[in-house]
Ligand SMILES: [Zn+2]
């Protein structure tokens with residue numbers, strides 16, 4: 001069974017009650033517009049908090065992006081991320097993090113909070129030293145379509161990732177299958193595909209260790225919902 005730990009769907013109604021798949025939810029840094037957005041989101045979620053459906057499994061994706069132009073500044077992004085981290089901790093859900101050229105900002109925040117929750121760094125592209133620092137937390141790393149490009153940083157990062165902290169994803173690339181990603185992963189790691197498949201299934205149990213209703217048979221895709229205050 002191949003697990004896709006992070007993927008998106010084009011049509012996102014934002015109606016969490018009607019999603020039948022297992023999903024995560026959060027505000028992506030690309031969708032941040034103003035401080036009022038976070039306030040609005042907080043009010044909305046404080047109301048919904050106790051009514052979130054059973055298939056709401058993780059917070060995110062949320063995070064930091066220093067490369068994208070035209071989005072809010074890093075200080076605001078950090079404030080929003082901090083709020084997501086505390087929320088995830090409060091409801092005992094793992095958090096899925098988008099991090100582009102902001103690894104040291106995230107590290108600093110995690111240290112400051114002495115963060116004890118479970119974290120997935122999706123589409124990870126940090127170097128060995130960053131990886132080592134992030135592994136001091138309960139961190140997992142997932143790799144996606146970027147792996148298919150030859151000799152990229154993501155391939156190097158994958159090789160340095162401990163096998164028990166590893167996942168694969170298709171993210172927003174609907175034309176790429178999770179089978180392709182697993183295949184590429186097993187060839188980069190020089191690992192038997194079946195062994196890799198089994199390992200990722202084990203990782204799923206440890207990733208969702210705080211939730212007792214998750215097994216690989218009911219989670220093949222974890223759908224990521226990008227919320228804005230409009231939905
Ligand atoms: Zn994504």
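Read-outs throughout are calculated quantities, based only on the coordinates presented, and are distinct from any laboratory measurement. None of these values were measured; they are calculated from a predicted model. No Cβ is skipped: glycine too gets one built from the backbone with ideal geometry, and neighbour counts run over all protein chains shown.
Modelled spin-label separation between residue 90 and residue 136, with each label point placed 7 Å from Cα along the Cα-to-Cβ direction: 2.7 nm. Angle of helix 35-48 to the longest C-alpha principal axis of the chain, folded into 0 to 90 degrees and rounded to 10: 90°. With helices as the sole contributors, the chain gives -11500 deg cm²/dmol at 222 nm; each DSSP H run of n ≥ 4 counts as -39500 (n - 2.57), and the sum is divided by every residue. Annotation for residue 68 and residue 198: the two label points, set 7 Å from Cα along the Cα-Cβ direction, are 3.9 nm apart. When the label point is put 7 Å from the Cα of residue 151 along its Cα-to-beta-carbon vector, which residues of region 112-142 have a backbone N closer than 20 Å? In region 112-142, the label zone of residue 151 (backbone N under 20 Å from the point 7 Å along Cα→Cβ) covers 125-128.
If R0 is 41 Å, what FRET efficiency do you get for residue 46 and residue 163 from their C-beta distance, rounded to 0.05? With R0 = 41 Å, the Cβ-Cβ based efficiency is 0.55. Tell me the angle of helix 74-90 to the major Cα principal axis of the chain, expressed in degrees between 0 and 90 and rounded to the nearest ten. With both axes taken from Cα atoms, the answer is about 80 degrees. Considering region 59-177, its Cα convex hull presents a mean projected area of 7.7 nm².
I need the calculated FRET efficiency for the pair residue 21 and residue 129, taking r as the beta carbon distance and R₀ as 35 Å, to the nearest 0.05. Once the sixth-power term is evaluated, E becomes 0.45.
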